[in-house]
1. So how many Lys-Lys pairs in the stretch 275-337 land under 24 Å Cα to Cα, not counting same-chain pairs under 8 apart?
2. Please state the shape class of the stretch 144-220: rounded when a/c is under 1.5, otherwise prolate if a/b exceeds b/c and oblate if not, all from the C-alpha gyration tensor.
3. Check which residues have an amide H placed less than 5 Å from Ile129's amide H, if you skip close sequence neighbours.
4. Setting aside same-chain residues fewer than 8 positions from Lys210, which aspartates and glutamates have a Cα under 12 Å from its Cα?
5. Starting with the fewest neighbours, write out Cys313, Cys55, Cys115 ranked by other beta-carbon atoms found within 10 Å of each beta-carbon.
6. Exposure proxy check: Ser187, Ser42 ranked by fewest other beta carbons within 10 Å?
7. Please list the equivalent ellipsoid semi-axes of the stretch 111-186, computed as the square roots of five times the alpha-carbon gyration tensor eigenvalues, in descending order and whole angstrom.
8. Using DSSP to define loop residues, name the chymotrypsin sites (Phe, Trp or Tyr not before Pro) in the stretch 237-338 whose beta-carbon has at most 15 other beta-carbon atoms within 10 Å.
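Just so it is clear, none of the values below were taken in a lab; they were calculated from the coordinates. The shown structure was predicted, so the numbers you read here are calculated from the model rather than taken from an experiment. Here Cβ is always computed from backbone atoms with ideal geometry, including for glycine, and neighbour counts include all displayed protein chains.
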Amino acid sequence: MEKQIILTSMVLFMYCHLNLASSWTVDNFLMTGPKAFLTYASSVRIGARRGIQECKHQFGLEKWNCPEGTLQLSTHSGLRRATKETSFVHAISAAGVMYTLTKNCSMGDFENCGCDDSRIGQTGGRGWIWGGCSDNVAFGDKISKQFVDALEGGQDSRAAVNLHNNEAGRLAIKATMRRACKCHGVSGSCSIQSCWMQLAEFREVGNYLKMKYVQAKKLDMDKRTARAGNSAVNRGDITHTLRNIARTELIYLEDSPNYCVKNQSLGVQGTEGRECLKGNKNMPKRDRKSCRRLCFECGFRVAEKRINVVSTCNCKFHWCCTVKCEKCTQVVTKYYCV
Ligand SMILES: *[C@@H]1O[C@H](CO)[C@@H](O)[C@H](O)[C@H]1NC(C)=O
Ligand SMILES: *[C@@H]1O[C@H](CO)[C@@H](O)[C@H](O)[C@H]1NC(C)=O
């Protein structure tokens, strides 16, 4: 087996095979020693996993479906790619880490962190004042940056792109936050409200970043420059290019490989054998077309498989107090690319 490194999923890898204290040197101005570091580290690991789970959900019916395997790139080819897909992985991982740290903070899980009370008592707008527990995203932002961005050791253009996408992920957390309010006033008249900013569901962050993925911008750079490695000139070039791109946008350097066809050296699994969904009207349009996308567009056909699913049914309540059920077999049809 050739030696493999885990690229974009370095985040995941390091958190899972964790030897955190020795893996990182972190500029720890906010941390109060090894104990706090380890407390945050476990939260970081949970957050990274949350990000990857969301990635799997968002790409479950896409040709590239966020598999662990494809994130591994072999070192010997000299390719560490920065595709649209790796940009999403960076963003969603960074977002997951920031999200979890921020939630932990609001829940009072950390000694040195609590709700953002900086505006409490101030007027927010007509009929409302700041109150309650606003999620402390400044804390989540700062700590997650220290952990996640520290993984990007390189000085090359890919490193700059990865850091940009990490930041875009963290900004997605802020962009999807919303105001929640509670009514006050005489007998619930709601003449005055107190409001706070809270994180959206993480699913919403995933949806938002998926949209950014669809709109991701390819940096117009010479291929040789993109792959050349560690020159300072290179880094300078990209810093200049990045200045013209909004921090919220995902960016990438290289076109995606063909995800239809298995290619081990690229870590691409191909879509053969993948399950797709036959459309019904209640599904989102993109899901309805999943068989066409995964199978037909890739030169496969769709095979039907009938599968027996056993479940409990016809349950009856007997006096007193038992429930008796029968086992029913239901035939479910599933569809696969072959
Ligand atoms: C942080 O929150 C996660 C759930 O999102 C929980 O599993 C974990 O234990 C929390 N961390 C701490 C230090 O309490
Ligand atoms: C895998 O991808 C590489 C790089 O694009 C290409 O040179 C090679 O021919 C591909 N292998 C297969 C089996 O398609």
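1. Counting lysine pairs in the stretch 275-337 gives 14.
2. It is prolate, given that a/c is not under 1.5 and a/b is the larger ratio.
3. Gly124, Gln193, Ser194, Cys195
4. By straight Cα distance, Lys210 reaches Glu54, Glu62, Glu85, Glu249.
5. Ascending Cβ contact count within 10 Å gives the list Cys313, Cys115, Cys55.
6. Ser187, Ser42
7. Rounded to whole Å, the semi-axes are 35, 14, 8.
8. When the chymotrypsin sites (Phe, Trp or Tyr not before Pro) of the stretch 237-338 are filtered for loop state and at most 15 Cβ neighbours within 10 Å, Trp319 remain.
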